[in-house]
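**Q** Following this message is one structure expressed as structure tokens.
What follows is calculated from the coordinates using simple rules that are stated; it is not laboratory data. Because the structure is predicted, anything quoted here is derived from the model rather than measured. Here the Cβ positions follow ideal geometry from the backbone for every residue, glycine too, while neighbour counts run over all protein chains shown.
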């Protein structure tokens, strides 16, 4: 196969992936991965050459897969009266909201999917969050900002949840834990998410669920339609 042929194939693959924005869980992360995989990056991948753009694209693709797993986990709640939204834009900001759930009695939850290596545990130490020996406190700053923004838009409190898909949680004494509390965030294993939400289902919110759902549809559009180039 000639270099020209490889370039043509890479260009065709790039065009095919960009021809139509998608929506739904993981859509914006998937779109970022597609945008990063330009024909030259695809060619480098095909030749086994590592590039920064290729690494970022792989990370975005893995993030999209994690968001879709979370979406599948919470999908059964729709039959129980929950309103479920995925991959929403916050007008005026570049961040997106992975998932937004409204309980049947109007409580609002913002689960944020994280896929961190299972080789290292997650723990709180000295008021900081560590993944193994690495301080990852700043990696949750975005969730604080997103939660505050969504709360302002909807006019109600919003409960943020870090959905950890991978890294095990360790409690204060180094024992396995089913949740961590950290700076107003609750970190829970991904497999516990649905049970945790069901446990919160009877806690009433400040507005009717139907009114909140209408506000979400009006004021928090799908990210991939609001931002044509994530």
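**Q** What is the spin-label model distance, in nm, from residue 203 to residue 52 if the labels are put 7 Å beyond Cα along the C-beta direction?
**A** Simple spin-label model gives 4.2 nm for this pair.
**Q** Still on this model: Mind giving me the nanometre distance, one decimal, between the label points for residue 105 and residue 210, set 7 Å out from Cα along Cα→Cβ?
**A** 1.9
**Q** With both partners inside segment 83-194, how many of the DSSP beta bridges are antiparallel, as a percent to the nearest 5?
**A** Antiparallel bridges: around 60 percent, rounded to the nearest 5.
**Q** Here is a follow-up. How do 155-168, 96-109 rank on mean C-beta neighbours within 10 Å, highest first?
**A** 96-109, 155-168
**Q** I've got another one for you. Residue 133 label point, 7 Å along Cα→Cβ, cut-off 20 Å on backbone N: hits in segment 144-169?
**A** 167-169
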